[in-house]
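Q: Pasting a structure below so you can have a look.
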Amino acid sequence: MGDYGPEPKSYPQLPGPARFIATVVADLEEGKTVVIVFPDTVVDSGVAEAVLDEIHSAGSVREYCVVDPGKPFHARIIETFSLDPVADRDFDDWQSIIRWEAWHGSWVFVPSWDHPDTADILARWPAQVHGSGLTPADCPKLVIGLRLSDIARAAVDRIDRTHIKVRWWWGVLDHLDTQTRLAAVADRRLNPLDAAVITELAVWDLGCVDYLVENWDRTSEGLPVAVRAYQQHAPAACHTAIDSTDRRPTDAPPARQEQAWRAGLLDQWGYSTNAGPRILDHAAIRRRLWLAHNRALTAYIDEERSHYDSLIRKRAPQRALDGLDRRSDDIIEIGSLAWLVSTGRVSLRTEDRERLYAFRDLRNSLAHRTPVNDGLRIRIVRYLGL
């Protein structure tokens with residue numbers, strides 16, 4: 001969002017938002033009114049409007065409710081669907097508007113940021129639906145976009161869910177969305193390791209994806225510098241303490257994290273709560289760098305260990321192999337393989353020896369939760385042809 005990130009209108013095409021929109025459409029087709037709770041930043045950026053527009057396009061009879069703060073909701077409904085309010089005056093009140101046939105079966109969109117009486121609509125609407133006697137197909141459905149700066153969370157929690165679904169813009173963007181955006185903006189020379197770093201660092205902040213592609217020098221040492229520059233470019237709107245220790249997926253942001261979520265500083269990504277890059281300190285940046293290196297390179301360590309295990313067993317006497325650390329599948333640990341070579345018990349070509357040592361060092365760094373330094377990273381990338 002802002003100078004970086006997708007245009008608001010393109011967000012609904014990303015996999016996560018598209019799945020979210022499909023869920024809301026399914027709710028509506030089942031006859032439910034749907035309340036979508038957005039963080040303030042998603043509303044301010046225009047993404048919420050784009051999402052509502054996409055849902056709107058899926059309905060056969062759908063309208064945005066006329067915006068006129070001087071008129072009550074039922075009068076705005078008549079104006080939305082009819083040019084002759086006099087002829088329909090018998091329905092011009094809260095008690096009877098739901099039985100007005102002109103809007104039966106419709107989807108009516110009511111964003112709280114345009115309609116100051118949304119809280120009142122939410123308080124009255126469940127009783128209207130319940131008492132109408134209309135079938136789900138005939139009953140009008142509301143699509144209410146909410147932000148918590150307009151309506152208190154307590155009011156959302158009190159909504160009667162019999163005829164209403166509440167969907168939170170929480171955990172909507174995930175790894176695939178970040179990777180999709182990265183693929184759209186990255187230079188073709190961006191190798192898989194660098195792509196993993198950007199994905200892990202940016203998490204759901206697609207503006208950060210764009211910024212790092214353009215401004216990060218692709219070094220481990222340069223990553224904190226680039227992130228700090230992004231933080232200056234897109235400063236955090238609030239400094240609420242962030243607790244990102246929640247490891248279980250939830251349907252909504254925890255109440256204690258509400259302010260941070262509203263400010264775009266925290267969301268669910270990868271099935272756990274994650275702080276956004278705008279508030280990461282140096283230690284957190286290094287943790288994410290290590291996590292990216294660990295996820296991207298661990299499988300290669302196993303491949304190299306298996307290769308050298310096979311190679312060294314053919315050359316080493318059995319007495320040299322006795323007592324070495326082995327995995328449950330009997331493959332010798334890469335540190336022990338390197339020790340055999342470094343102590344002269346097994347001889348390898350210089351190229352093989354140096355490659356074995358590099359992957360041993362890589363394994364040691366990752367095992368100690370340390371990001372790979374730039375010298376070793378360059379060697380590993382060259383060995384793997386990334």
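The values are calculated or read from the model by the stated rules, or taken from the named source; none is laboratory data. Because the structure is predicted, anything quoted here is derived from the model rather than measured. Positions of Cβ are backbone-derived with ideal geometry, glycine not excepted, and every protein chain shown enters the neighbour counts. Heavy atoms of the whole protein, side chains included, go into the accessibility calculation; ligands, DNA and RNA do not. Shrake-Rupley method; radii C 1.70, N 1.55, O 1.52, S 1.80 Å.
Q: Within region 272-306, how many residues are more than 20 Å from the chain's Cα centre (by Cα) and of a type in the set (Lys, Arg)?
A: Total meeting the criteria: 2.
Q: Given the options Ala195, Ala202, name the one that is assigned by the TED database to the domain that holds Ala226, free of Cβ contacts under 8 Å to residues at least 24 places away in the same chain and not β-branched (Val, Ile, Thr).
A: On inspection, the qualifying residue turns out to be Ala195.
Q: Quick check on Val341: is it more than 29 Å from Leu289 (Cβ to Cβ) and either of a type in the set (Gly, Ala, Ser) or surrounded by 13 or more Cβ atoms within 10 Å (Cβ to Cβ) (or both)? Give the derivation first.
A: On the way: more than 29 Å from Leu289 (Cβ to Cβ): yes; either of a type in the set (Gly, Ala, Ser) or surrounded by 13 or more Cβ atoms within 10 Å (Cβ to Cβ) (or both): yes.
In short, yes.
Q: I would also like to ask the following. Could you count how many residues in region 368-386 are under 13 Å from Asn294 (Cβ atoms) and open to solvent by 60 Å² or more (accessible area, probe 1.4 Å)?
A: Within region 368-386, residues that are under 13 Å from Asn294 (Cβ atoms) and open to solvent by 60 Å² or more (accessible area, probe 1.4 Å) number 2.
Q: Scan region 227-243 and give yes if some residue there is under 21 Å from Val372 (Cβ atoms) and either touching a helix residue (DSSP H, G or I) at 6+ places or on another chain (Cβ under 7 Å) or of a type in the set (Lys, Arg) (or both), otherwise no. Show your work before the answer.
A: In the first step, residues of region 227-243 are kept if they are under 21 Å from Val372 (Cβ atoms); the result is 227-228.
After this cut, where a residue has to be either touching a helix residue (DSSP H, G or I) at 6+ places or on another chain (Cβ under 7 Å) or of a type in the set (Lys, Arg) (or both) as well, the list is 227-228.
Scanning region 227-243, I find at least one residue that is under 21 Å from Val372 (Cβ atoms) and either touching a helix residue (DSSP H, G or I) at 6+ places or on another chain (Cβ under 7 Å) or of a type in the set (Lys, Arg) (or both), so the answer is yes.
Let's see how each residue does on (1) among the aromatic types (Phe, Trp, Tyr); (2) modelled with pLDDT of 90 or more; (3) within 30 Å of Arg262 (Cβ to Cβ):
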{"site": "Pro39", "(1), (2), (3)": "no, yes, yes"}
{"site": "Arg62", "(1), (2), (3)": "no, yes, yes"}
{"site": "Phe91", "(1), (2), (3)": "yes, no, no"}
{"site": "Trp107", "(1), (2), (3)": "yes, yes, yes"}
{"site": "Ser112", "(1), (2), (3)": "no, yes, yes"}
{"site": "Leu122", "(1), (2), (3)": "no, yes, yes"}
{"site": "Val129", "(1), (2), (3)": "no, yes, yes"}
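Q: Based on this model, can you work out whether Arg315 counts as of a type in the set (D, E, K, R) and either touching a helix residue (DSSP H, G or I) at 6+ places or on another chain (Cβ under 6 Å) or surrounded by 15 or more Cβ atoms within 10 Å (Cβ to Cβ) (or both)? Can you show your working first?
A: Working: of a type in the set (D, E, K, R): yes; either touching a helix residue (DSSP H, G or I) at 6+ places or on another chain (Cβ under 6 Å) or surrounded by 15 or more Cβ atoms within 10 Å (Cβ to Cβ) (or both): no.
No: the conditions fail for Arg315.
Q: For region 114-133, name all the residues that are open to solvent by less than 50 Å² (accessible area, probe 1.4 Å) and not in a helix (DSSP H, G or I).
A: Selection gives His115, Asp117.
Q: Let me ask you something else. Being touching a strand residue (DSSP E or B) at 6+ places or on another chain (Cβ under 8 Å) and either part of a helix (DSSP H, G or I) or farther than 16 Å from Val24 by Cβ (or both) is the filter here; which residues of region 141-172 pass it?
A: Matches in region 141-172: Arg147, Leu148, Val156.
Q: What's the number of the only condition in (1) surrounded by 14 or more Cβ atoms within 10 Å (Cβ to Cβ); (2) over 17 Å from Arg262 (Cα atoms) that Thr162 fails to meet?
A: (1)
Q: Output the number of the condition that Val213 fails; it satisfies all remaining conditions of (1) in contact (Cβ under 8 Å) with a residue 60 or more places away in the chain; (2) open to solvent by less than 50 Å² (accessible area, probe 1.4 Å).
A: For Val213, the failing item is (1).
Q: If a residue has to be farther than 26 Å from Gln232 by Cβ and in a strand (DSSP E or B) to count, how many in region 243-298 make the cut?
A: Number of matching residues: 2.
Q: I'd like to know if region 312-329 contains one or more residues that are closer than 30 Å to Ala195 by Cβ, at pLDDT 85 or above and either out of contact with any Gly (no Cβ under 9 Å at 6 or more places or on another chain) or not charged (D, E, K, R) (or both).
A: No, every residue in region 312-329 fails to be closer than 30 Å to Ala195 by Cβ, at pLDDT 85 or above and either out of contact with any Gly (no Cβ under 9 Å at 6 or more places or on another chain) or not charged (D, E, K, R) (or both).
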